[in-house]
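What follows is a set of notes on a single structure, which appears directly below.
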Amino acid sequence: MPDVETRLVDCFRAVFPDLSEADIKLASQEKVQQWDSVAAITLVNVIEEEFSIQMDYDRLAELDTFSKVLEYLT
């Protein structure tokens, strides 16, 4: 089974298909123009499905970069 980071990259790729893997790993709401509120909710839904978890919606504002989401998951 792929590791958490690889699976998370795949989640981001599903929501932001135009980003390269390198760009995904550096992604933030500030840098990725497409990462608006709709994309954020879509991303959370994809991550919840992939990892079979329920994310804390109160913390969504904090999870504004790939690395912060990865840290949250690990």
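The values are calculated or read from the model by the stated rules, or taken from the named source; none is laboratory data. Computed from a predicted structure; not experimentally measured. All Cβ positions, even for glycine, are placed from backbone atoms using ideal geometry, and neighbour counts span all protein chains on display. Accessible surface is based on the protein model in full, side chains and every heavy atom, while ligands, DNA and RNA are left aside. Shrake-Rupley method; radii C 1.70, N 1.55, O 1.52, S 1.80 Å.
Quick notes on this one:
- Cα-Cα P(r), the stretch 1-62, percent of pairs per 10 Å interval: 21, 57, 22, 0
- In the stretch 1-57, GluC sites (Glu not before Pro) in a DSSP loop with at most 14 other beta-carbon atoms within 10 Å: Glu30
- Looking at the chain, the accessible area is 64 square angstrom per residue; that uses a 1.4 Å probe and ignores ligands, DNA and RNA.
- Percent accessible area from carbon and sulfur atoms, the chain, protein chains only, probe 1.4 Å: 48 percent
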